[in-house]
Amino acid sequence: MELRHTHRLFIDAALAHNLTLQPDVGQTHYLQNVLRLKTGDVVRLFNGRDGEWKASVAAVAKRSITLALHKQTRPQQATPDLWLCCAPIKKAHFDTMIEKATELGVTVIQPVLTARTQIREVNTDRCRAIAIEAAEQSDRLTIPDIRKPVTLDDMSTHWPAERQLVVCAEWGDADPIGNVFAGSREEAQKPTAILTGPEGGFAAEELETVRRLATARFVRLGPRILRADTAAIAALSCWQAMCGDWKD
């Protein structure tokens, strides 16, 4: 089997040559009872810091498994500095948004509470678990930082001056997203965040608050009204295609 077709596992521990380690209880159950790995079987490990490593099953006990690291298969690489700031939405759609944002390479997922946000609580542990599974599947080397929810007012008040904010708006004077992302490469490489709203959209006064940010740019995503999770996926895809690592 080619190495790229072997299973990948996120391990929150240091990875180095000739190191041996034991996965946690949940991962052990997965390796033993779902994948049914045996001594000598190969997996790939990553931790978001030390690149990706080839490892093999060194020993299997009743309730534990030992993995031995052999060689680094990929060094750690920098990823584009892209955030997704998004209003929480219904559970199934929000799960999809977390999964696809991870696959699309975001570095930070910041839930934002708006006037029309119906879902006011976010289980960040669950979101992280979804992001880890998506990272394992998509071959990325890092896990996005899942942050605790903040209000839109608080986010705007503490917005970092160096980060451009791309606001997905349904109407008004927003520019087509392709026009906004078609600027100079230098402009595109700035730290960026994409902001999407709740199912009911942003309130007018919220858009005015965000508009006061010097780095805010308003974009529209075509002639159709997109569901919140679709809008996030579409905007992230456009940015990666025109400004991010899809160009490399």
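Considering each residue of region 209-228 in turn, at least one proves to be more than 30 Å from Gly51 (Cα to Cα), surrounded by fewer than 17 Cβ atoms within 10 Å (Cβ to Cβ) and touching a Pro at 6+ places or on another chain (Cβ under 9 Å). Would you confirm whether or not region 173-180 contains a residue that is assigned by TED's automatic domain parsing to the domain that holds Glu208, at pLDDT below 85, assigned to a helix (DSSP H, G or I) and touching a strand residue (DSSP E or B) at 6+ places or on another chain (Cβ under 8 Å)? Yes: region 173-180 contains one or more residues that are assigned by TED's automatic domain parsing to the domain that holds Glu208, at pLDDT below 85, assigned to a helix (DSSP H, G or I) and touching a strand residue (DSSP E or B) at 6+ places or on another chain (Cβ under 8 Å). Against the numbered list (1) modelled with pLDDT under 95; (2) in contact with a strand residue (DSSP E or B) (Cβ under 7 Å, 6 or more places away or on another chain); (3) not in a loop (DSSP other than H, G, I, E, B), Leu213 comes up short only at (3). Kindly evaluate Ala78 against the criterion of being touching a helix residue (DSSP H, G or I) at 6+ places or on another chain (Cβ under 9 Å), modelled with pLDDT under 95 and surrounded by fewer than 21 Cβ atoms within 10 Å (Cβ to Cβ). Criteria not met by Ala78.
Within this structure, Leu9 fails the test of being crowded, with 17+ Cβ neighbours inside 10 Å, aliphatic (A, V, I, L, M) and without any contact (Cβ under 8 Å) to a residue 60 or more places away in the chain.
Being on the phi < 0 side of the Ramachandran plot and part of a helix (DSSP H, G or I) is a description that does not apply to Ile225. For the residues Glu133, Glu170, Glu99, the requirement of being without any contact (Cβ under 8 Å) to a residue 60 or more places away in the chain and surrounded by 17 or more Cβ atoms within 10 Å (Cβ to Cβ) singles out Glu99. Any chance region 88-111 includes a residue that's assigned to a loop (DSSP other than H, G, I, E, B), farther than 21 Å from Gln137 by Cα, in contact with a helix residue (DSSP H, G or I) (Cβ under 8 Å, 6 or more places away or on another chain) and not assigned by TED's automatic domain parsing to the domain that holds Val210? For region 88-111, residues assigned to a loop (DSSP other than H, G, I, E, B), farther than 21 Å from Gln137 by Cα, in contact with a helix residue (DSSP H, G or I) (Cβ under 8 Å, 6 or more places away or on another chain) and not assigned by TED's automatic domain parsing to the domain that holds Val210: absent. For region 98-147, the set of residues classified as more than 18 Å from Leu165 (Cβ to Cβ) and of a type in the set (Asp, Glu) consists of Glu99, Glu103, Glu121, Asp125, Glu133, Glu136, Asp139, listed by residue number.
Residues that are touching a Gly at 6+ places or on another chain (Cβ under 6 Å) and either touching a residue at least 60 places away in the same chain (Cβ under 8 Å) or closer than 13 Å to Pro111 by Cβ (or both) within region 56-96 comprise Arg74, Gln76, Thr79, Pro80, Ala87, listed in sequence order. The lone criterion from (1) surrounded by fewer than 18 Cβ atoms within 10 Å (Cβ to Cβ); (2) under 16 Å from Cys85 (Cα atoms); (3) in contact (Cβ under 8 Å) with a residue 12 or more places away in the chain left unmet by Pro176 is number (2).
Quick one: is Lys148 under 30 Å from Ala14 (Cβ atoms) and either part of a loop (DSSP other than H, G, I, E, B) or in the same structural domain as Trp53 (by TED's automatic domain parsing) (or both)?
Considered against the rule, which asks whether it is under 30 Å from Ala14 (Cβ atoms) and either part of a loop (DSSP other than H, G, I, E, B) or in the same structural domain as Trp53 (by TED's automatic domain parsing) (or both), Lys148 comes out as yes.
Those residues that are of a type in the set (A, V, I, L, M), modelled with pLDDT of 95 or more and more than 21 Å from Ala115 (Cα to Cα), I need them from region 144-172; list them, please. Matches in region 144-172: Ile146 only. For region 152-167, the criterion of being closer than 20 Å to Glu205 by Cα, more than 20 Å from the chain's Cα centre (by Cα), of a type outside the set (Phe, Trp, Tyr) and in a strand (DSSP E or B) is met by no residue.
The values are calculated or read from the model by the stated rules, or taken from the named source; none is laboratory data. No experiment lies behind these values; they were computed from the predicted model shown. Because the Cβ atoms are built from the backbone with ideal geometry, glycine has one as well, and the counts that use them run over all protein chains shown.
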